[in-house]
Amino acid sequence: MARTKPQNVCVRAGSKPPLLFLDVDGTLLPRPAAAPSVEEIDWSAWQQPTNPALSGLTRVLGDRLLGLGCELMWATGWGDDANRVIAPILGLPQLPVARLPEYPGGDYYDDELHWKTRTLVSLAEGRRFIWIDDEIRQQDMAWVRGNHCGRALLHRVDGFRGLLDTDFAVLTEWLLAT
Ligand SMILES: [Mg+2]
């Protein structure tokens, strides 16, 4: 009888630090109160160093992210432009970039999962991870609980405020408990 692969086998994380999947828009860059819809944004201009929204980014923020002790990975529609444009401003090294599916034209699929959720869980491969994003919802948290056997923190940021001290406090507390 052929052996079948057990389902939902947890990969031991070993001594590796947790992954931290990092969103950009609404997380590092707060959304303007009068934010245009996604369809109205000129992304070729938005993802350039001339974007005025970048003026709020500082090396202090980069240092705080590095100080979490996680393995940082971009998880953003910015793709490689996050390394080109944002990493130097934050003083971050060039980070790995999560290869996300093509943007589906809205932030959630018909099954109501966020468009990044499945990919990030797949990339984690059972390893502990944090995902910070302004678009995480209960559906994503529930799906991750059922499909990722390692520990995971899906932390939703207020997209109009971006990452705050209170967010870092949550991340730090979770990391200390793992
Ligand atoms: Mg976002």
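The values are calculated or read from the model by the stated rules, or taken from the named source; none is laboratory data. Just so it is clear, the structure is predicted and the values come from calculations on it, not from any experiment. Quick reminder, even Gly has a Cβ in these numbers, built from the backbone with ideal geometry, and neighbours come from all protein chains shown. Just so you know, the surface numbers come from the protein's heavy atoms only, side chains and all, with ligands and any DNA or RNA stripped out. Shrake-Rupley method; radii C 1.70, N 1.55, O 1.52, S 1.80 Å.
A few notes on this one:
- TYR103 meets the conditions (1) within 16 Å of the ligand (Cβ to nearest atom); (2) touching a strand residue (DSSP E or B) at 6+ places or on another chain (Cβ under 8 Å) in every case but one. The failed one is (2).
- Being within 13 Å of the ligand (Cβ to nearest atom), aromatic (Phe, Trp, Tyr), open to solvent by less than 10 Å² (accessible area, probe 1.4 Å) and closer than 22 Å to ALA177 by Cα holds for only one residue in TRP74, TRP78, TRP131, and it is TRP131.
- Hey, HIS148 under 20 Å from LEU65 (Cα atoms) and not hydroxyl-bearing (Ser, Thr, Tyr) or not: no
- Within region 26-67, being at negative phi, touching a Gly at 6+ places or on another chain (Cβ under 7 Å) and within 15 Å of the ligand (Cβ to nearest atom) holds for THR27, LEU28, LEU29, PRO30, ARG31.
- Count of region 80-100 residues which are at pLDDT below 95 and touching a strand residue (DSSP E or B) at 6+ places or on another chain (Cβ under 8 Å): 0
- Region 134-166, residues that are away from the ligand (no atom under 16 Å from the Cβ) and charged (D, E, K, R): ARG145, ARG151, ASP165
Residue by residue, here is whether (1) free of Cβ contacts under 8 Å to residues at least 24 places away in the same chain; (2) hydroxyl-bearing (Ser, Thr, Tyr); (3) farther than 18 Å from ASP158 by Cα holds:
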| residue | (1), (2), (3) |
| --- | --- |
| PHE21 | no, no, no |
| ILE41 | yes, no, yes |
| PRO52 | yes, no, yes |
| ILE86 | no, no, yes |
| LEU113 | no, no, yes |
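- Annotation: of all residues in region 134-153 being open to solvent by less than 20 Å² (accessible area, probe 1.4 Å) and not in a loop (DSSP other than H, G, I, E, B), the one that is farthest from LEU28 (Cα to Cα) is VAL144.
- Within region 24-40, at least one residue is of a type in the set (Ser, Thr, Tyr), at pLDDT below 95 and open to solvent by less than 80 Å² (accessible area, probe 1.4 Å).
- Residues of region 101-135 classified as modelled with pLDDT under 95 and among the hydrophobic types (A, V, I, L, M, F, W, C), total: 2
- Once region 154-170 is narrowed to residues that are assigned to a loop (DSSP other than H, G, I, E, B) and of a type in the set (D, E, K, R), the residue that is surrounded by the fewest Cβ atoms within 10 Å (Cβ to Cβ) is ARG161.
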